[in-house]
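Notes follow the structure.
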Amino acid sequence: MSHTRSLAVGSALAATLLLAGCGADVDSDGAAKASEKVTVKRCGESVPYKVPQRAVAYEGGSADKLFSLGLTEHVHGYVMPPANPPVSESPWASEYAKVKMLSDDLLNKEIVVEAKSDFVVAGWNSGFSDQRGITPKILDKLGIQSFMHTESCFNYPGHPQKVTPFKALYSDLERLGKIFKVEKKADQVVGGLKKRVAAVEKKAPKGDRVPVFLYDSGTNQPFTAGSQVPPNDIIKTAGGRNVFDKLDARWTQVNWEAVTKAEPEVVIIFDYGDQPAKKKIEFLKKSPHTKELPAVRKNNFFVLDYNEGISGPRDIDGLEKFGKYLRELKR
């Protein structure tokens, strides 16, 4: 399973006016700007980037971030493992159709090299992996630029960065905006997402927060969301409480005893291609560990789409849906 899991305006303006006065060729000026490098953080590390022309995105979250910024022309293709629902379900389905589907397997170095990519977007320990021999350091040596989801930087060796998941999403869009020199578009997109988040937060139910358990997978031991992944912010912003929000982790394994003790009133079922929600709900209703949980007895299940739970703009779609669900929940 794969989870992913400002420039000096004054001097730039002065330079532009000076060039305009000299009758500078605008096209050649634009080309020169595109080749200029800009330093942007990759997790906790400062990295110089030039504008990518053949980006490869791993999973829906990466591709959605690029497409939401209007960068389709810079995207060569995407890698979509089995966990991801069909790209036809994406709000950017028309953009996916314009680029290449490079693989339906996990990300590896061969795919990237064969694609002659100059930029790879993925998460740490999901797309990028020491075990599979594709890391930012390895790509650096090959002259291929890379970008990691800030949400996944929590446990990136050498250059970790810890940011709450929604802030990590905004940070990624802003950083990608700088790399591709579309800062204005990035500001617009981030501003729009923040407004939507604030609207849900404002309408969140008052009083005691509803205890919520996210069920990802696992029968002997459940796999769930700690505090460092988007569902934690989705639950919190909507007015709930992730029963495992004290776990300083991303996607993590717990035990059924801890779930039973937490007495969740709602279970979020994380739904993805190779592990459908229906089967998970059936298991929870039959398992001696979970069949007496308040959420299970009351049939309080909320299905969260895979791409609404990994880092990407669709997190806010998931938030809006879950916010509505909590507001209508009878306790």
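The values are calculated or read from the model by the stated rules, or taken from the named source; none is laboratory data. Because the structure is a prediction, the values reported are computed rather than measured. Counting neighbours? That spans all protein chains shown, and the Cβs are built from the backbone with ideal geometry, glycine included.
Could you give me the residue pairs with C-beta distances under 9 Å whose first residue belongs to the range 120-139 and is at pLDDT 95 or above, whose second residue is among the charged types (D, E, K, R) and assigned to a strand (DSSP E or B) wherever it lies, and which are 6+ apart or on separate chains? Note: pairs meeting the criteria are P136/R42; P136/E45. Of all residue pairs spaced 6 or more apart or on separate chains, those with beta-carbon atoms under 7 Å, a first member in the range 233-251 that is under 18 Å from L329 (Cα atoms) and a second member that is among the charged types (D, E, K, R) and part of a loop (DSSP other than H, G, I, E, B) are G239/R209; G240/R209; R241/R209. Of all residues being touching a helix residue (DSSP H, G or I) at 6+ places or on another chain (Cβ under 9 Å) and in a loop (DSSP other than H, G, I, E, B) in the range 146-157, which is surrounded by the most Cβ atoms within 10 Å (Cβ to Cβ)? Just the residue, please. Here the residue is H149. Considering the range 112-144, the residues that are among the small types (G, A, S) and exposed (fewer than 13 other Cβ atoms within 10 Å of the Cβ) include one that is farthest from the chain's Cα centre (by Cα), namely G143.
Checking the structure you have, find out if any residue of the range 201-209 is assigned to a helix (DSSP H, G or I) and within 17 Å of F322 (Cα to Cα). There is at least one residue in the range 201-209 that is assigned to a helix (DSSP H, G or I) and within 17 Å of F322 (Cα to Cα).
The condition (being farther than 20 Å from T39 by Cα and not polar (S, T, N, Q)) is satisfied by just one residue among G158, G123, G77, G143: G77. Every listed requirement among (1) touching a strand residue (DSSP E or B) at 6+ places or on another chain (Cβ under 9 Å); (2) outside the structural domain of K41 (by TED's automatic domain parsing) is met by L176 save one, (2). The lone criterion from (1) buried (at least 21 other Cβ atoms within 10 Å of the Cβ); (2) more than 17 Å from the chain's Cα centre (by Cα) left unmet by P231 is number (2). Just checking, does the range 184-192 include any residue being closer than 21 Å to P231 by Cα, among the small types (G, A, S) and in contact with a strand residue (DSSP E or B) (Cβ under 6 Å, 6 or more places away or on another chain)? For the range 184-192, residues closer than 21 Å to P231 by Cα, among the small types (G, A, S) and in contact with a strand residue (DSSP E or B) (Cβ under 6 Å, 6 or more places away or on another chain): absent. More than 18 Å from the chain's Cα centre (by Cα) and among the basic types (K, R): does that describe K184? Yes; evaluated as a whole, the condition is true for this residue. The residues of the range 49-68 that are farther than 17 Å from S126 by Cα and either small (G, A, S) or not assigned by TED's automatic domain parsing to the domain that holds V190 (or both), listed by number, are A55, S68. For the range 57-111, a residue qualifies if it is of a type in the set (D, E, K, R) and under 29 Å from Q131 (Cα atoms), and the qualifying residues are E59, D64, K65, K100, D104, D105, K109, E110.
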